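Enquirer: Right, I'll just put the structure down here and ask away after.
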Amino acid sequence: MIIKKTTSGFTIIEVLIALAIAMVMLAPLLNLQGFIIRQTSRMSDATRRTLAAQEFLITTRAQTPEDAYEFSQEKKVPFLDLTLLYTLSKVGTQSKLTKQDDLYHETVAMTYQENNKTKRDYLVSFIYKKPQPEEQKK
């Protein structure tokens, strides 16, 4: 009886080497995917914070009395772990815009926690207001 050896297919060593090469090639892609997911999550949180700040700016502006030339209000947004602080004040003397009469700036400070650190971002808007009556300027 004559037995013929056929050598079709791959040996286990060849398969293991191919798998090792594939893993070395795919590992950076998997790391990149994790990085992209983390960055997308951070940007999504930043977008939510900005939208909450814009909504707060609009509602606070609508509630601010027209004759108010300085005003502040605070709001906590628990589901975002966010504190918003609205301030209305005249443009400061250090600004190049101080030459513009009756120009005020509205600022919404967004204070939040990220990676166990307290961070703060700002949303700033400039508005013109009617000139103050002389008795209020003093």
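The values are calculated or read from the model by the stated rules, or taken from the named source; none is laboratory data. None of the values given here were measured: they were computed from a predicted structure. A quick note on method: Cβ atoms are made from the backbone with ideal geometry, for glycine too, and the neighbour counts reach across all protein chains shown.
Enquirer: From the list 11, 40, exactly one residue is out of contact with any helix residue (DSSP H, G or I) (no Cβ under 8 Å at 6 or more places or on another chain) and surrounded by 10 or more Cβ atoms within 10 Å (Cβ to Cβ). Which is it?
Expert: So the residue among 11, 40 that is out of contact with any helix residue (DSSP H, G or I) (no Cβ under 8 Å at 6 or more places or on another chain) and surrounded by 10 or more Cβ atoms within 10 Å (Cβ to Cβ) is 40.
Enquirer: Out of the residues in the range 67-110 meeting the condition of being under 21 Å from residue 133 (Cβ atoms) and of a type in the set (Gly, Ala, Ser), tell me which one is modelled with the lowest pLDDT.
Expert: My answer is 68.
To keep it simple, each residue is scored yes or no on (1) part of a strand (DSSP E or B); (2) closer than 30 Å to residue 105 by Cα; (3) of a type in the set (Lys, Arg).
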position: 8; (1), (2), (3): no, no, no
position: 36; (1), (2), (3): no, no, no
position: 45; (1), (2), (3): no, yes, no
position: 49; (1), (2), (3): no, yes, yes
position: 54; (1), (2), (3): no, yes, no
position: 59; (1), (2), (3): no, yes, no
position: 66; (1), (2), (3): no, yes, no
position: 72; (1), (2), (3): yes, yes, no
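Enquirer: Looking at the range 96-134, which of its residues are of a type in the set (Asp, Glu) and part of a helix (DSSP H, G or I)?
Expert: Across the range 96-134, the qualifying residue is only 134.
Enquirer: Please count how many residues of the range 60-95 are of a type outside the set (Gly, Ala, Ser) and farther than 15 Å from residue 127 by Cα.
Expert: Final tally of qualifying residues: 16.
Enquirer: OK, next. Note down all Cβ pairs under 7 Å where the first residue falls in the range 55-81 and is β-branched (Val, Ile, Thr), the second is surrounded by 13 or more Cβ atoms within 10 Å (Cβ to Cβ), and they're at least six residues apart or on different chains.
Expert: Going by the 7 Å Cβ cut-off, the qualifying pairs are 60/73; 60/86; 64/71; 64/88; 77/52; 77/84.
Enquirer: Separate question: Take the residues in the range 5-58 that are over 30 Å from residue 76 (Cβ atoms) and small (Gly, Ala, Ser), then tell me which one is nearest to the chain's Cα centre (by Cα).
Expert: Here the residue is 34.
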